[in-house]
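J.: Just passing along the structure, written as structure tokens.
The values are calculated or read from the model by the stated rules, or taken from the named source; none is laboratory data. Everything quoted here is computed from the prediction, not taken from an experiment. All Cβ positions, even for glycine, are placed from backbone atoms using ideal geometry, and neighbour counts span all protein chains on display. SASA here: full protein model, heavy atoms, side chains in, ligands and nucleic acids out. Shrake-Rupley method; radii C 1.70, N 1.55, O 1.52, S 1.80 Å.
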Amino acid sequence: MLTAALICMMIVLYSLQSFFCKKYADSYPGRGDLSSTVFTVVSGVTVVAVSLCFMGFRFEAAPLTWLFGVLNALALFGYNYFLVKCSQAGSFTVLQVFAVAGGIIVPTLAAWFGFGVELSPLKWLGVFAVIGGVYLASYKSEKKAAGEKSPSADGCAEAGKPKRAAFIPLCLCLALCNGAYASLTDIQQRLTGDGEKEEMVAVTYGVAAIISLCLLLIKSRGSFTPFKQSRVSLIYLAVTSVIVGVAINILVIVIPLLNDITLLHTFNNSGILVCSAILSYIFFKERFTRINIVGCLIMCCALVLVALF
């Protein structure tokens, strides 16, 4: 019961993170292509502070935790990078499917090959049905999609915008980065135990913040002007950063409580998608089509397969 409550809390927090992050990006007063980098720096520092609170301000990380933390930071940085590039190059619906598929399948395969965690055929069926449901639930017609800006549209004017021919390779990289992030978090706890889970989070987001800060200073030619915020954007930035810190620490608490990593990431990714869609419907007046509703129903049925079998 406690595990289920923590998973529900985690899903709600991650959904609120997406919602407030969009509000932050919309209200950011500087260059649009720098908003995500600023967010990564500030949220990374905040996550480190929240993690220190969770661990009672006692930081004891083994070399293996440092190694996985640095690798995880690179995966996190890669995910953010490819998310922007994919948004510039093609359909957000397809992007979403690749991200969710990577976040479920890669850690499942890692647990299967690395630690002998097997899945029943019905559970595999449920996993792939969830991915199909994600596509339908997030589907938008080409006409409608053409009239909307992608989440990173403000940063699309920068040089080096990828061609559409590179879209699928970029999506594959996005899926691998999202999957690597989930896998490394799980593998670290399997190898070192859950005693250093907060240290793993702190190293991951601390290193990601340092990488992003260096990139930001290069882009802005050594200026800290991109960190300047309006009153509204500062509120959204602070709220979102705290949510990120609490959500990721709940995730690493849940991992040892629920040995089935497939179940965890399937419910997490699907739940975030559904909750985000509901928030978009309420606050952004985005309407569900019949295809979207069918996709949500397919996901619900598929989650039953994943949970029971």
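J.: All but one of (1) open to solvent by 50 Å² or more (accessible area, probe 1.4 Å); (2) charged (D, E, K, R); (3) under 17 Å from the mean Cα position of the chain (by Cα) hold for D186; state the number of the condition that does not hold.
T.: (1)
J.: Within segment 99-123, how many residues are hydrophobic (A, V, I, L, M, F, W, C), closer than 22 Å to I272 by Cβ and open to solvent by less than 50 Å² (accessible area, probe 1.4 Å)?
T.: Taking segment 99-123 first, the residues hydrophobic (A, V, I, L, M, F, W, C) are 99-101, 104-106, 109-113, 115, 117, 119, 122.
Keeping just the survivors that are closer than 22 Å to I272 by Cβ gives 99-101, 104-106, 109-111, 119.
Remaining after also requiring open to solvent by less than 50 Å² (accessible area, probe 1.4 Å): 99-101, 104-106, 110-111, 119.
So the count comes out to 9.
J.: Any residue in segment 80-95 that is part of a helix (DSSP H, G or I), farther than 26 Å from A137 by Cβ, touching a residue at least 12 places away in the same chain (Cβ under 8 Å) and open to solvent by less than 60 Å² (accessible area, probe 1.4 Å)?
T.: no
J.: Pick from V42, V94, V84: which is under 30 Å from G295 (Cα atoms), in contact with a Ser or Thr (Cβ under 8 Å, 6 or more places away or on another chain) and among the aliphatic types (A, V, I, L, M)?
T.: On the way: V42 fails: under 30 Å from G295 (Cα atoms); V94 fails: in contact with a Ser or Thr (Cβ under 8 Å, 6 or more places away or on another chain).
Every option except V84 fails the conditions.
J.: Any chance you could count how many residues in segment 22-39 are part of a helix (DSSP H, G or I) and open to solvent by 40 Å² or more (accessible area, probe 1.4 Å)?
T.: Qualifying residue count for the region: 4.
J.: Of all the residues that make up segment 283-309, how many are loosely packed, with under 15 Cβ neighbours inside 10 Å, at pLDDT below 85 and either within 18 Å of A4 (Cβ to Cβ) or of a type in the set (A, V, I, L, M) (or both)?
T.: 5
J.: Same structure again: Would you call T46 open to solvent by less than 40 Å² (accessible area, probe 1.4 Å), out of contact with any His (no Cβ under 8 Å at 6 or more places or on another chain) and at pLDDT below 85?
T.: no
J.: Tell me which residues, restricted to segment 26-52, are within 16 Å of the chain's Cα centre (by Cα) and not aromatic (F, W, Y).
T.: S36, T37, T40, V41, S43, G44, V47
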